[in-house]
Amino acid sequence: MSHDQFEVLSNQAVAVCAAAYFLALLAHLAEWATARSVPATATAEESGTASAAGGGVDVLERVDVDTDRVARFARIGVVLTTVAAGVHLVAVASRGLAADPVRVPWGNMYEFTLTATLMVTIGYLLLYRRFSLDWLSPVVTGFVLVTLMVDVLLLYTPVVPLRDALQSPWLVIHVIAAIIATGAFTLGGMCSALYLVKERWPNTREGGYLSRLPGLDALDRMAYRTQAFAFPVWTFAALIAGPIWAQHAWGRYWGWDPKEVWAFITWVVYAAYLHARATAGWKGRAAAIVALIGLATLWFNFVGINFFFGSGSMHSYA
Amino acid sequence: MVSAGSTTEGHGSTTEGHGSSTGRSETTGREGMGSAPADPGAAPLAPREFLRWAWRQLTSMRTALILLFLLALAAVPGSVVPQEAVDATKASQWRENHHTLAPIYQKLGLFSVYDSAWFSAIYLLLMVSLVGCILPRTRVYWKALRARPPAAPRNLSRLPEHRAFETSASPEQVLERARGALRGYRVVSDVAEVSRLAGARTSTTGGEELSLSAERGKLREAGNLLFHLSILVVLVGFAGGALLGYKGGVIVVTGNTFANSLSQYDDFRPGSLFKPSGLAPFDFKVTDFDVTFIKEGREAGMAHKFSAGLDYRTSPGAATRHTRISVNHPLTIDGTKIYLISHGYAPHITVRDATGAIAYSGPVVFLPEDNTFKSWGVVKVPDAQGPSGPEQLGLEGELYPTYAFTDATGPFSAFPDDKNPALSMLAYQGDLGLDDGVPQSVYALDKKGLKPILKPDGKPLRVDLMLNQTVTLPDGMGSVTFDGMSRFVKLQVSRSPGDLVALGGVVLALLGLLGSLFIRPRRVWVKVRRDGGGPDRRTLVEVAGLDRSAGGDLAGEIDQVVASLRGAPQQEPVRDEEQV
C-alpha cells in the first residue's frame, strides 16, 4: 500500500471506530436504562442503597429477565468497545505508515489526541475486569466519542513528515510517556468527577445509574490508583525526558516555554492532589476537585496553549 | 509530603504504635489550623512560642498545600505575558504596544515572572516547609527503621482484615509455615513478648498462645523522603547552573568566524556569579550551511535537514577540526555547547556615494519574518560623501528569496529557497543617530534625524533590486548594488555547570516517587492457640493484616497466607469480615 492509501485507511478507520464507540455508548445507555427497573441489590453488591426487593413472584421473575438483559447489554457494549479499540489502533498505526518516511504518529495535535483517546480506551479495557468498571463504561465511551469528533472536526491535519526538531529518538520516549500519562489522568479524572457527583447526590432514585456506582471510598481509591500511576509517568515525560530532549534540540533543559510552564503547573496541581488526599480536611471532596483542576490544566496545556499562545510556544506543533 | 502512609481511613488508630509515625498530616490533624498549641484564649504569645507556632504552621501540610496552589497559580502569568528571558524581542514589542500596562507589569515583575521576588518567595517558602517536614520525618523514620515490628494486638478481629480457622497441626508447625508464607516480610516472634502474652491469656482461656508479627514495605517512607530531598538537589543544580553559567546568541554569516569572547556576542546573559574569564577560548568558522527545502507535495517549502559546517579550534593554538551541527545535534567543546537555532539570508549589498567610492559593502543580515523567508533588514551607511559634503544614508526593507508578484497580493516570496532573490528597500538620508551614545539595534533605523529620499515626482524612492542589479540614487547621491547572497546561522552558545546535578536529582526524585507510591507497607500477625487437651487437640489460628497505605489487595494477600498455613485442604474456614 502506498503512503496515500494508508492515510485514507487511517481516516476511514477513525470514522469506523467512532461509529463503533457510538454503538457501544448506546449499548451501555440501554444497559443503565434497563437497570432502572431492577433493584440495585439484584445486580450490584457494592451499592449502598440496598433495600429489600419486595413483591410477589411476578416481580421477581421480571427482575430476573431484566437482570439478564442488563448483563447482555453490558457485554455487547464491552465487545463493541473492544472492536472499536482495535479499529482505533489501526487508525493510529496507519497514520504512522502514511508518512514518508514512516514515523511514529505523534507529530501534531490531531495525532496526539488520536493516540491519547486510544490510551484511555485501552486503560479502561485493561482495568475493566480487575476493578469491575462496568459503571465507567458510558463515561469512557461517551468521552472518547466526543473527543474523537472534536479531533476530526477541529484538529485534523494532513500527514506531513516530521520537522527537523522532532527527528529524535526522544520524540518516541517523551511523547509516549506524555500520552500514557494523559490517558491515565483522564481515567482518574472520570472517577474523581463521578465521586463528586455521587457525593453531591447521595440519595438518588434506587436502581438509577448513580446508585450503582461503587461507594465513595471505592471511587476515591480508583481515582487515586490511576492518578498515582500517571503521576510518575508524567514526571518522567515532562520533567526528565522533556528537558533532556530540550537540551539536545534547543540548548536548554528548561526554558519556561508556555508548554513547559503548563506542564509544570499540571505537575504541581497533581502533587497537591496527592498531598491533599493525605491531609485531614482535604480528603475526599476537596482532593477530587484538585484532581479535576489538574486534569483541566493538562488538557488546557495540550489544546489551549496551541490556540492561545501557538506562535509563542516552541511546542507549537504538538 | 505525600504521607499516603497515614491514609488508611482511620485504621491507624486500631492498634498501638501506628499513630506515632509523625507525619505532616498528623501534626495538622492534632492541632488544627490557626490554633496555638497553648491556651487559645490566652494572652499574646511569647516571641519564642510565637516562632514555634509560626514554624509549625509553615511546616504543616495545609500550608504546603496552599503554597503548592500558589506556585501553580503564580506560574500562569509567565505563559501569558512574554518573558524577557524567553523571548526578549517579543517582550519589548509587547511593551511598545501596551503603553499603559507595560510600566505596571514591569513593577509587578510580570516580564520576568520566574525570577521575580514573589515567585521566588513562594518556592523558597515551599522549600523551607519541605525541609521542616523532611528533617523530623527522617528522624522518626530512622528510629522506626530499627524498631521491631510491633507485637500482635490483643484483639486481632478488630483489624481491617481478619481470618480464623482450626487445624490439627501444632502451633510450632503453623508458625513455621507462616515464616515460609511471609517471605519478604521481616518476621519476629519475640519469646519474652509471647510468654508475657501467653501468661496473660492462660488464665482466661486455659491454653498456650504463640504469636508472630511481620512487617514489610518500610522503604515506602524512604522513597518519600528521597523524593523530597531530590527536589532540593534539583533546585541546587539549577541554581548552580544559573549562577555560574551563561547563555549567548550570535548570528554568523557563512564564511565568517566567531571567537568566544564577550564582544562577539549579539546577546549575552551571564549568571550572577559568572566571570568573563570563564569563557572557554575556542573559536570557529562557519564554513557552509546546508538546507533542503521540500519542493513538492503538501509540505512544500518546509526546511528539511539543515546543518552548518564548522571548522573549530578548542584554543587558538590547537589543531583545526571540522564538524557539522544541526538541530538535535549540538557541538560540545569543553562543556560549552553550540546549538544551531535558526538560519536566514544575508544579501551582499554595496553602496557607492556621490564620489563613486564604496561607502558600504558586505553581507547584511536580514531576519526572516515568515515561513517563506521573506526577511527584513537594514543597511546603515554612516560615512558617505553627498553631492554637498558628508552625509549618512540608511536603507530598510524586505528581501524576497524567490520573488513573485501578483496584483492581488503585491510582492511576495513564493518559496523559501533563494531561487530568484529580490530586495525592495526605502532609502533615507540625514542623521542615523549613531553618535547619540544610545545603543541602537542593527535591525532598525532610528528615523528621528532621517528623511526619505524622494523621486523626482515627489514620491519616496523604493530601491528595487534583483540579483546583480544596480539602482542609481537621484540627485547624484550614488548607487546601490545587490552583489550576491550568503546565508547566516543563528547559534546559541551556552554553558550550565549544574545540569548533571539537576538531572541526577530528577532521576532520584522519580525513583523515590515510585517507591513512595508503589511500595505498600503492611503488617501481618499470626496468633495460634491450643484449645483443650487430649489427643484430638485443635489449634486455633488467627491471621490479621493491616495495610498502612491506601489501595493494594490486602485481603487477597491474607487469603494466600491463610491458604499456605492450612497446608492441605482441610475443613471450611471460620471466616469473618470477608468483605470490608
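The values are calculated or read from the model by the stated rules, or taken from the named source; none is laboratory data. These figures come from a predicted structure and were not determined experimentally. Ideal geometry is used to build each Cβ from the backbone, glycine not excepted, and the neighbour counts take in all protein chains shown. Surface accessibility is based on the protein's heavy atoms, side chains included, excluding ligands, DNA and RNA. Shrake-Rupley method; radii C 1.70, N 1.55, O 1.52, S 1.80 Å.
A few points about this structure:
- In summary, the lysines within cross-link reach of residue A:283, defined as a Cα separation below 25 angstrom excluding same-chain residues under 8 places away, comprise A:198, B:218.
- Farthest positive-ward along chain A dipole, Cα basis, beta-carbon charges - from A:275, A:203, A:110: A:275
- Contact surface A-B: accessible area buried, both sides summed, square angstrom, 1.4 angstrom probe: 4800 Å²
- The Cα trace of the protein assembly as shown gives Rg and Dmax of 35.5, 133 Å, the first to one decimal, the second as a whole number.
- The convex hull of the Cα atoms of region B:82-193, projected and averaged over all directions, covers 14.4 nm².
- Virtual spin-label span in nm between residue B:66 and residue B:106, 7 Å along Cα→Cβ: 3.4 nm
- Neighbourhood charge, 15 Å Cβ-Cβ cut-off, centred on residue A:109 and excluding it, Lys, Arg +1 and Asp, Glu -1: +1
- Whole-Å semi-axes of chain A's equivalent ellipsoid (Cα gyration tensor): 39, 25, 13
- Nearest-0.05 FRET efficiency for residue B:73 and residue B:469, computed from C-beta distance (R0 56 Å): 0.45
- Which listed pairs, of B:337/B:490; B:107/B:380; B:275/B:305, have C-alpha distances above 25 Å, in listed order: B:107/B:380; B:275/B:305
- Taken over region A:163-318, the percentage of Cα pairs per 5 Å bin, counting from 0 up to the bin with the maximum distance, is 2, 10, 17, 19, 16, 12, 9, 7, 4, 3, 1, 0, 0.
- When the Cα positions of B:103, B:309, A:121 are compared along the charge dipole of the protein assembly as shown, A:121 comes out farthest toward the positive end, with charges on each C-beta of Lys, Arg, Asp and Glu.
- Put a dot 7 Å past the Cα of residue A:83, heading toward its Cβ, do the same for residue B:269, and the two dots end up 5.5 nm apart.
- Where region B:230-342 is the region considered: accessible area per residue in Å², 1.4 Å probe: 48 Å²
- Taking every alpha-carbon pair within region B:252-301, the share separated by more than 16 Å comes to 60 percent.
- Result for chain A in a Gaussian network model with C-alpha springs under 10 Å: among A:215, A:294, A:255, the largest mean-square fluctuation is at A:255.
- Shown for chain A are the DSSP H helices of 15 Å or more along their axis, judged by Cα atoms, with a mean Kyte-Doolittle hydropathy of at least 0.5: A:3-35, A:57-98, A:109-128, A:137-154, A:169-200, A:258-276, A:285-299.
- A full extension of the chain between residue B:90 and residue B:256 corresponds to an added length of 57.0 nm, given 0.36 nm per residue minus the alpha carbon distance.
- The trypsin sites (Lys or Arg not before Pro) of region A:124-189 that meet both conditions, a loop assignment by DSSP and at most 11 other Cβ atoms within 10 Å of the site Cβ, are A:129, A:130.
- Average other protein chain Cβ within 10 Å of Cβ, residues A:161-168: 5
- Compactness index (Cα Rg / 2.2 N^0.38 Å), region B:379-431: 1.53
- Label-to-label distance, nm, for residues given as residue B:168 and residue B:118 (7 Å Cα→Cβ offset): 7.9 nm
- Taking GluC sites (Glu not before Pro) across region B:290-391, the ones in a DSSP loop with at most 12 further Cβ atoms lying within 10 angstrom of their Cβ are B:296.
- R0 of 35 Å, Cβ-Cβ distance residue B:291-residue B:219: FRET efficiency to nearest 0.05: 0.10
- Sparsely packed trypsin sites (Lys or Arg not before Pro) within region B:430-497, loop by DSSP, other Cβ within 10 Å at most 10: B:448
- Residue B:142-residue A:165 FRET efficiency (beta carbon distance; Förster radius 45 Å; 0.05 resolution): 0.40
- Residues of region B:358-383 falling in the label zone of residue B:408, defined by backbone nitrogen less than 19 Å from a point 7 Å along Cα to beta-carbon, are B:372.
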